[in-house]
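Peer 1: Handing you this structure, nothing more for now.
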Amino acid sequence: MNESLEIEEILAGNKNIYHQIMDRYKDKLFAVAYHMCASEAEAEKLIEEGFIEVYQDLEVYDDSVFFSDWLHERFIPIIGVKKDTTQQAKLPFHNPHYIEMEEALHSLAPEEKFPFLLIKLLGYTPDKLTGLIGASKEEIEENYLNAIYQIRRSTLSVDIQQTGGDCYRVDELSQHFDGKLNQDKEQRMKDHLEFCPDCREVLHLLKQEESTLEKVLEYPKLNESFNDKVLSRLTPYVPPKPKHRTWKYQLSVVGILGAVFLFSAIILPTLKPLASMVSTYMEHGTIYNVWTDGTYAVTDKEITLEITKVEIDSLYMAIYYEISRDGEEPPKTYPFEDVDFYSYNPLKIVDEYGKQYPFEATIPDHLRYPTSPAEEEGKEKERPYYLVKMPEDLPDEFNLEINFARLQGQFGKWNLEIPIRYDKVEDTAVTVKLDKKMTIADKIVVELMDATYSKNGTKIRYSVNHTEEEEARLMELLKEHDQEYRMQEISQGRHVGLHVTTEEEHFVLPNYFHFMEPPKSIEPIEVHYSHYYMGNEEQQRMGKHHLQGKLENPMEELYIQMMGASVQEPAFFSMEIPLKETEATPLDGKINSYQLLDYSLTPVKDGKGTIRKYALIINGESQQDGASGDIGWNLSDKNGNYIPTEGWHHYEDMHKEGPKKLLHVDIVPYDTEEGFPETLVINADYTFTYYNELEGERFPLFSKDKNNGSETD
């Protein structure tokens, strides 16, 4: 089974498949963490937390990116923060040379050791690491070479290092061994080695040292219980809800990033660059050389890419472009069909020393939705553009590199380089303080902090936290069951559904950025909106899904409204029942606010009378008014093994009042001769409560007193 299929299985509720993914990557990741941490226990904890975070992010993985790259990019920041490597546990080696090698490895400075481990253990190249660890290609290569030469100097014998006569030094032979010599030096080295047994002996020892180093690097392995330990902390994914769900419900669930529209996010293209240089400067956010047609244009395969304008301030950089074939734009439905979005990173910000600055970028989703013919008349057609979220600490001067390898379905090379004078940019972004708090069901507090307005979009910051009383209650509950570690996951399960509107309640379209990180519970959440809007809720129901227009003055037009919220609470319910036919059997128990009523198991037979599956139904009733919800169920046998299921039909009853199905699932046999287990263990680890009908007051995202409450970034 490939990884995409494995992930589909996991998202369908089979969390045990995650065993296979962990087995594939855990040991090398643990080896990297082990050599960066002060102890084996600390390294194991890092890898455990990393796999939990990866599991929780699986639903946002896009299979156009190699899964190994996607997974490693989540572990690298977690492991890379470990800088205290001075007190490390010793590996259980008895060979003195292995111990010497380990000590040499531990003696490396963290900035040298970390890229060295990533290259040696995970197979990264310096090019690929650039941007992932905040260093340029040159810095990474230098640190790697320093590390490998320091280890070799520490472990090769003194006699060999003091080779005399016309022989090469050990560092020179190391460069030959690593393929780092230029062509002329390499040829001279080969000529010398042909007649020098001493230098050939050094190369032989270098090969032996490389083998020893690999054994030292890969020796630490996680114990067999690691997978079970991680899986015990994971909640199975709930399969997708039925299509009948309301717009308001969808808005409330997606609130983790404030993404209140369920439009699919556009993923940026990318390919490895080969630069084709063009130059100019920027002043006050616009190009100040004579910007004429074709100033920044490149043609390949009869297709021309032209950068027509760049607008920039401290919040965003908008890069406008046009794509044409033989001087004419070919017919197409939407502008986004011009470029191959499902590749990787066509834009780069690089300083004069070659250091890259990581950033997030997107193409706004409004380009997927054409303007209605009636509103298109008399208006200039909107040009497609990339919107870049500006990173911090940019230098005064940098190059914007643009590298495409596929346009309009045609492979080729479209590479441009635009020098930017960032110090000459006039910052027009304005921040308005909001200071608005809303409490929901005495459980969570939503604080609207501020809104920052730019020429090309708006950034809104807010936070979602438990009330002090609710947090204390949850902590006390977890302590009773010795499960305080679950608090972080529970905190990440509190979401709100917000949407931004105009005064006429038209929906303002969000900007989705590539590789958006899930917000940390301790940090404010950032959401970004374009200045384009679609129809309001009533117009959406009438099928008007096109653009209605563009905001003229966002600082005086935008409002935010809460459409729903959800909270996650721990549950501690477990029961065992025989896996055999039974009619409605009374239950006496509670799962948080749910009162259990009864359960039944009904066999489903094929034409030959063979039982193909059992339909399990648990009925109950919510005792909480004004909310709906769901329960995080987990089905296993007495040994803790996952039991295969189909369906999860109870979502049909989720919004019902009174008695309803809390669980309705089909249990299918194992894919072995064992068939069905004798006993079914039913656990409930969480409850999820959705406050769907919240109609909070609409709050303006601007200061009604224009002379107060705003500041310029």
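Quick note: the coordinates plus some simple rules give every number you see, no bench work behind them. If you're wondering where the values come from, they're calculated on a predicted model, not measured in any experiment. Methodologically, a virtual Cβ is constructed for each residue, glycine included, from the backbone with ideal geometry; neighbour enumeration extends over all protein chains shown.
Peer 1: Do any of Lys301/Lys355; Lys137/Lys309; Lys590/Lys656; Lys120/Lys413; Lys229/Lys605; Lys128/Lys190 go past 26 Å between their Cα atoms, and which?
Peer 2: Lys301/Lys355; Lys137/Lys309; Lys120/Lys413; Lys229/Lys605; Lys128/Lys190
Peer 1: Taking H placed 1.01 Å from N in the peptide plane, check which residues at least 5 places from Thr645 or on another chain put their amide H under 5 Å from its amide H.
Peer 2: Val668
Peer 1: Let me know the shape class of region 573-691, please: from the alpha-carbon gyration tensor, a ≥ b ≥ c as square roots of the eigenvalues, rounded when a/c is under 1.5, otherwise prolate if a/b is greater than b/c, or oblate.
Peer 2: Because a/c hits 1.5 or more and a/b exceeds b/c, region 573-691 counts as prolate.
Peer 1: A further question follows. Kirkwood-based Rg over Rh for region 3-218 (C-alpha set), two decimals?
Peer 2: Expressed as Rg/Rh, it is 1.05.
Peer 1: For Arg494, enumerate residues with amide H under 5 Å from its amide H, sequence gap 5+ or separate chain, H modeled in the peptide plane.
Peer 2: Gln568
Peer 1: Quick check: net charge around His176, other residues with Cβ under 9 Å of its Cβ, Lys/Arg +1 and Asp/Glu -1?
Peer 2: Summing Lys/Arg as +1 and Asp/Glu as -1 gives 0.
Peer 1: Relative to the present Cα-Cα distance, how much length would full extension add between Asp442 and His204 at 0.36 nm per residue of separation?
Peer 2: Value of the extension gain: 78.6 nm.
Peer 1: A follow-up question, please. Under a point-charge model restricted to the Cβ atoms of Lys and Arg (+1) and Asp and Glu (-1), what is the dipole moment magnitude of region 573-691 relative to its Cα centre, in debye to the nearest 20?
Peer 2: 120
Peer 1: Under a 5 Å amide H to amide H cut-off, with H placed in plane at 1.01 Å, what residues pair with Leu407 once short-range neighbours are removed?
Peer 2: Sorted by chain and number, the residues that satisfy this are Gly412.
Peer 1: Tell me, what HN-Hα J-couplings in whole Hz come from the Karplus equation 6.51 cos²θ - 1.76 cosθ + 1.60 at θ = phi - 60° for each residue of region 457-465, using x for Gly and Pro?
Peer 2: x, 10, 10, 10, 10, 8, 10, 10, 9
Peer 1: For Lys185, Lys638, what's the fewest-to-most ordering of other Cβ within 10 Å of each Cβ?
Peer 2: With the fewest neighbours first, Lys185, Lys638 line up as Lys638, Lys185.
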